[in-house]
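Worksheet: the structure to be examined is printed underneath.
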Amino acid sequence: MQATTQCFHCGEPVPAGLQLSVRIAGESRPMCCEGCKAAAEFIRDAGLADYYRFRDSPAPRPEAAPDDTWTTYDRPEVQLPLLARRGESASVNLLLEGLRCSACGWLIERRLERLSGVTSIAVNPATGRGHLEWRAAELSLSSILRAIHGLGYRPHLLGAADTLEVAVRERRQAMKRLALAGLGMTQVMMFAVALYAGAFDGMDPILRQYLRLVSMLVATPVLLYSGRPFLAGAWSSLRSGQFGMDVPVTLALLLAWSASTFNVFAGQGEVYFDAVTTFIFLLSLGRFAEMAARHRAGSTSDALLRLQPASAIRLSGDATERVPVADLRVGDTVLVPVGESFPADGTLVGGATMVNEAMLTGEAQALKRDLGEAVLGGSVNVAQPARVRIDALGHQTVLASIVRLLERAQTERPAIARLADRWSSWFVGGVLLAATLVAVAWLLVDPARAFGTTLSVLVVTCPCALSLATPTAITAATSSLARRGLLITRAETIETLAHTSRAVLDKTGTLTLGEPLVNRCTRLGSVDADRCLQIAAGLERTSTHPIARAFRQVANPLPAPADARGEAGEGLEGSYGGIRYRLGRRDFVAVIAGTADRRDAGTYLGRDGEWLAEIEITDTLRPGARAAILRLARQGIATEIASGDHAGAVADIAAQAGITEYHARLRPEDKIALVRAREAEGDTVLMVGDGINDAPVLAAASVSIAMGAGTSLAQTSAGAVLMAADLDIIPAAVETARRTVGVIRQNLGWAVAYNVIALPLAALGYVPPWAAAIGMSTSSLLVVANALRLRSDTTTARAAPAVPARVTGTAA
């Protein structure tokens, strides 16, 4: 009988008589279809043939998808809720189905890097997710997705309906492998008990051989199907020249199965099929727990995506129609019944109501929203039917921004996780060396016990717990903080937050409510105070800074000037009737108004050659801010204010908050200089801010938190976003971060201590292979269980005793 030829690309059988091949690495390789041939030729011609050397399993077979499967994603209405745009650049988060190993991630990255227009591609094989950025004017999204699909991987845009199905398929596959391993383990253990009893009480040789043969027949599919992830992982590690944790696992499994199978056919010697099946089941159970933890982390963003309803009731005059949310446009008016979610961000134009924003901000209590106030898409209307004018759709909504930031974090891996992986690699090398020495020693002392003892060493010292120690803890902590209202958007945030020694906070919109009021307007020139306020309100129409809210109550404001522009940390400029006006810092206004000996006490308005007004703006300290500052102090974290506001306003808020060190009139570059100076002194600095002028310093600080009500630029620059209004979540997050690092250290300590104790016992022959499997798997499960305790973190704000406020500071 002629052996079946397998496709070199996907591993499927080549149909009889088909003569398709591709020359790769100097050899003609058989192909099963035109799709595999095209994919292999592209890989070869693109100079990526090393993929075939490093992959751990055949590539997925390219599907014959119709062209419109991908061109659909070029439609604006489809892209709106999925893509983020900034100028000519677009970005999207992907879920890559069929991603099996690091070689697959490497291949996708190399392929897309060769496409003109792709600016960034990062693939995380551990999560199966990728973050893609490209210039939309040069390259269509469909061509990128088609390129990925041509390699045999199916891309899913995170936020699309079918991404949940990918996780469901992965879970079902893992459950099938676990179920087969459990069933096989149960059956083989039954046979093993009979064999052990027969060894003491005697057994008919035919029956004994029958039980051994049946054990082999049951254990073999368990090894090949349930154990396939470990076999594939080990092969990938070896081909890439590294020692992953699957290497000793696979070596132990193959040695035990091979020796047992040989002994079955030889009719003598020990069999270890019970150890093989038990080992695979327990290790699969640990992997399943790890996968479940990873899915729970992803479920936060999936749950957020499901907050947006699929349809909405659009009002058109007196008529109503229920339409898909994708058909809504900015400016449409929708009716939201009680109990339904708002379909997008908008403004109440009919009726006050109460809204529940618990999933968005962590605030469980319903909040009142009056006519003219904003509501967030995804929040729930809980009081009475409301009419809403749509202000933002798709990726412009707060909900989409939250999901995008969470997905970005899931494409990254923290430094501590990479360090643990390096430790695991070195540890595996040590395990293999130790197993070799043990085998040699027992061959000299008692050859009959050499194999079983070596097998126990390989099994008992598997570094699964070492590799699970960090990712499970980070995942659990991120999920816990998300439920409390703090969204971690960068992988290294938790690790750095745990080591924070100083917090630098912005004032307006951070320590204060960000709802400033015009307290006084002093006329300085020929224009009366009311007219000055109208001009200032017109200029502020173009600003997203919290101070702009102070001018919303000004009667009869001027329209925004056509030539309006702003300078971060300085102020605004625009023209009315051909006359140029400036509003902001004294020095900024003095450029056009002329020098003047005026005190630095407020915001100034001026025009060419004339000072017009001094405007005093006041704000209210955020409730709980003082308690949060005192709690940070108890944690050993010093606090200071870095504000662009004038010294008087900053000093007043500092006194109310109990902060003894503050800096006023700081430009964005001054804030960066302050943070870098603190870090040069040895501090790990946490920066908290919200405005556009805070974005540079948020990106520059060791770790940063942006206020959820702040600008999208500030949120993008930060490592975390505080969606809730309570500042006390910040010290609570520090406690959670420190607990997380503590749990990681506990897990690593336990993993190391377990191996230090177990290795000598196994090497001395006191631990049989089946007990080694139980010990190793129990170690892994303990690590996972310890990490998952962080998901139920109940750290809450504690009342802080009042202390007298001392105001000492510097005004820049």
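The values are calculated or read from the model by the stated rules, or taken from the named source; none is laboratory data. Worth saying up front: this structure is predicted, and the values here are computed from it rather than measured. Cβ coordinates were reconstructed from backbone atoms using ideal geometry, including for glycine residues, and neighbour counts include every protein chain displayed. We work out accessible area using only protein heavy atoms, side chains counted, and drop any ligands, DNA or RNA first. Shrake-Rupley method; radii C 1.70, N 1.55, O 1.52, S 1.80 Å.
Which of the residues that make up region 544-571 are modelled with pLDDT under 85 and buried (at least 20 other Cβ atoms within 10 Å of the Cβ)? Spell out how you get there, then give the answer.
First, pick out the residues of region 544-571 that are modelled with pLDDT under 85: 544-550, 552-553, 566-570.
Matches in region 544-571: HIS545, PRO546, ILE547, ARG549, ALA550, GLY566, GLY569.
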- [ ] Give region 592-606 a look and list any residue that's at pLDDT 90 or above and either open to solvent by 30 Å² or more (accessible area, probe 1.4 Å) or closer than 24 Å to ASP652 by Cβ (or both), or say none.
- [x] TYR604, LEU605
Open item on the list: On the basis of being aliphatic (A, V, I, L, M), free of Cβ contacts under 8 Å to residues at least 24 places away in the same chain and over 17 Å from LEU612 (Cα atoms), does ALA568 make the cut?
Closed with: no
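Can you pull out the residues in region 639-665 that are open to solvent by 10 Å² or more (accessible area, probe 1.4 Å) and closer than 22 Å to ALA548 by Cβ?
The first filter runs over region 639-665 and keeps only residues open to solvent by 10 Å² or more (accessible area, probe 1.4 Å), leaving 639, 644-649, 651-652, 655-656, 658, 660-663, 665.
Residues satisfying the conditions are GLY644, ASP645, HIS646, ALA647, GLY648, ALA649, ASP652, ARG665.
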Open item on the list: I need a count of the residues in region 779-808 that are open to solvent by 20 Å² or more (accessible area, probe 1.4 Å), at pLDDT 75 or above and in contact with a Leu (Cβ under 8 Å, 6 or more places away or on another chain).
Closed with: 0
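Which one of these is under 26 Å from ILE592 (Cα atoms) and among the charged types (D, E, K, R): ARG631, ARG667, ARG626, ARG678? Even if it seems obvious, please write down each step before you answer.
Numbers: ARG631 fails: under 26 Å from ILE592 (Cα atoms); ARG626 fails: under 26 Å from ILE592 (Cα atoms); ARG678 fails: under 26 Å from ILE592 (Cα atoms).
Result: ARG667 is the single residue among ARG631, ARG667, ARG626, ARG678 that is under 26 Å from ILE592 (Cα atoms) and among the charged types (D, E, K, R).
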- [ ] Please go through region 314-337 and pick out each residue that is at pLDDT below 85 and touching a Ser or Thr at 6+ places or on another chain (Cβ under 8 Å).
- [x] ARG322, VAL323, PRO324, VAL325
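Report, by residue number, each residue of region 614-638 that is closer than 29 Å to GLY682 by Cβ, of a type in the set (Lys, Arg) and open to solvent by 20 Å² or more (accessible area, probe 1.4 Å). Show your work before the answer.
Taking region 614-638 as the starting set, the residues that turn out to be closer than 29 Å to GLY682 by Cβ are 625-638.
Checking the rest, the ones that are also of a type in the set (Lys, Arg) come to 626, 631, 634.
Once the filter is applied, which keeps residues that are closer than 29 Å to GLY682 by Cβ, of a type in the set (Lys, Arg) and open to solvent by 20 Å² or more (accessible area, probe 1.4 Å), region 614-638 yields ARG626, ARG634.
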Task: Within region 48-71, considering residues that are surrounded by fewer than 14 Cβ atoms within 10 Å (Cβ to Cβ) and outside any loop (DSSP other than H, G, I, E, B), the one modelled with the lowest pLDDT - done: ASP68
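Is it the case, given these coordinates, that SER28 is of a type in the set (Gly, Ala, Ser), at pLDDT 75 or above, open to solvent by 30 Å² or more (accessible area, probe 1.4 Å) and in a loop (DSSP other than H, G, I, E, B)? Working first, answer last.
Working: of a type in the set (Gly, Ala, Ser): yes; at pLDDT 75 or above: yes; open to solvent by 30 Å² or more (accessible area, probe 1.4 Å): yes; in a loop (DSSP other than H, G, I, E, B): no.
Spelling it out, it is not the case that SER28 is of a type in the set (Gly, Ala, Ser), at pLDDT 75 or above, open to solvent by 30 Å² or more (accessible area, probe 1.4 Å) and in a loop (DSSP other than H, G, I, E, B).
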Open item on the list: Looking at (1) touching a strand residue (DSSP E or B) at 6+ places or on another chain (Cβ under 9 Å); (2) at pLDDT 80 or above; (3) open to solvent by less than 30 Å² (accessible area, probe 1.4 Å), which one does SER142 not meet, given that it meets all the others?
Closed with: (1)
Task: Count of region 409-464 residues which are out of contact with any helix residue (DSSP H, G or I) (no Cβ under 8 Å at 6 or more places or on another chain), small (Gly, Ala, Ser) and at pLDDT below 65 - done: 1
- [ ] Taking GLU573 as meeting all but one of (1) touching a helix residue (DSSP H, G or I) at 6+ places or on another chain (Cβ under 9 Å); (2) in a helix (DSSP H, G or I), write down the number of the exception.
- [x] (2)
Task: Qualifying residues in region 702-752 (those that are of a type in the set (Val, Ile, Thr) and modelled with pLDDT under 80) - the one most open to solvent (accessible area, probe 1.4 Å) - done: VAL752
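Which of the residues belonging to region 501-513 are surrounded by fewer than 24 Cβ atoms within 10 Å (Cβ to Cβ) and either under 27 Å from the mean Cα position of the chain (by Cα) or assigned to a loop (DSSP other than H, G, I, E, B) (or both)?
Residues of region 501-513 that are surrounded by fewer than 24 Cβ atoms within 10 Å (Cβ to Cβ), as a first pass: 501-502, 512-513.
Those that are surrounded by fewer than 24 Cβ atoms within 10 Å (Cβ to Cβ) and either under 27 Å from the mean Cα position of the chain (by Cα) or assigned to a loop (DSSP other than H, G, I, E, B) (or both): SER501, ARG502, LEU513.
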